[in-house]
1. Go through segment 1-39 and count every residue that is at pLDDT below 85 and either assigned to a loop (DSSP other than H, G, I, E, B) or not basic (Lys, Arg) (or both).
2. Can you confirm whether Arg90 is free of Cβ contacts under 8 Å to residues at least 12 places away in the same chain, over 19 Å from Val43 (Cβ atoms) and out of contact with any Asp or Glu (no Cβ under 9 Å at 6 or more places or on another chain)?
3. Please go through segment 87-104 and give me each residue that is over 22 Å from Asn62 (Cβ atoms) and of a type outside the set (Asp, Glu), ordered by number.
4. Please go through segment 105-125 and give me each residue that is part of a loop (DSSP other than H, G, I, E, B) and within 17 Å of Gln46 (Cβ to Cβ), ordered by number.
5. The conditions are (1) buried (at least 19 other Cβ atoms within 10 Å of the Cβ); (2) within 20 Å of Thr12 (Cβ to Cβ); (3) of a type outside the set (Gly, Ala, Ser), and Asn62 fails exactly one of them. Which is it?
6. In segment 38-54, is there at least one residue being over 26 Å from Glu124 (Cβ atoms) and touching a Phe, Trp or Tyr at 6+ places or on another chain (Cβ under 9 Å)?
7. Would you pick out the residues in segment 73-101 that are assigned to a loop (DSSP other than H, G, I, E, B) and closer than 30 Å to Pro27 by Cα?
8. In segment 40-49, which residue that is part of a loop (DSSP other than H, G, I, E, B) and surrounded by 11 or more Cβ atoms within 10 Å (Cβ to Cβ) is modelled with the lowest pLDDT?
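The values are calculated or read from the model by the stated rules, or taken from the named source; none is laboratory data. Owing to the predicted nature of the structure, the values given are computational and were not obtained by experimental measurement. With ideal geometry, Cβ positions are generated from the backbone for all residues, glycine too; neighbour counts draw on all protein chains shown.
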Amino acid sequence: MPWDGAVRRLGTMVRKKVCKRLAQEFPLNRVRVWALRCAGYHVGEQVYIGEGFFVLDELETNVCALWIGDRVAIAPRVLVILASYPNNSRLRSELGDTFGNVTIGADAWIGACSVLLPNVTIGEQAIVATSAVVRANVPPRTVVGGIPAHHIRSLAASPDAPLDVRGNQPNDQPLTTRSETTRSETKR
């Protein structure tokens, strides 16, 4: 029957769209992770997906993939772009379509409101700061942030070493906040 392929393709698109929506809005992490797997993405074990997580991709084809490693923490409102093009604009014939994979390595931490663009790999135990726009690969055990994301610092070489990701000071020296510094300067 000529309609079989079209009906099957429509069913796949609807399933993927519904699962992505469920992963975006459902209040329980376990259901969000299940929904992403149902949508066709690889999601590792012990992963946390924050509410508002959105994957922008092509519903009709499987030309791009999202791979999330074990123990990854993804904060709320993170956007992963796997496919992008100017839809019906005349620019589409000039610029073409952009498709790509995004890989998030094990134990990585993606900050709230971050954007991951196509063809990006986030290394194992890497940290993407809040609201960063990542357009290039992030090496393992590296902190990046900004628009576009740039190297902020590298983490200690040993994953067993104590970390203080708020600064480069040793862990035995307390960090002062901006408000504490301001208060001490005004007392002088």
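1. Going through segment 1-39 one residue at a time, the tally reaches 11.
2. Answer is yes for this residue.
3. Asn88, Ser89, Arg90, Leu91, Ser93, Leu95
4. Gly105, Ala106, Asp107, Ala108, Glu124, Gln125 - these are the residues of segment 105-125 that are part of a loop (DSSP other than H, G, I, E, B) and within 17 Å of Gln46 (Cβ to Cβ).
5. (1)
6. No: zero hits.
7. Result: Ala75, Pro76, Arg77, Val78, Leu82, Gly100, Asn101.
8. In this case the residue turns out to be Gly40.
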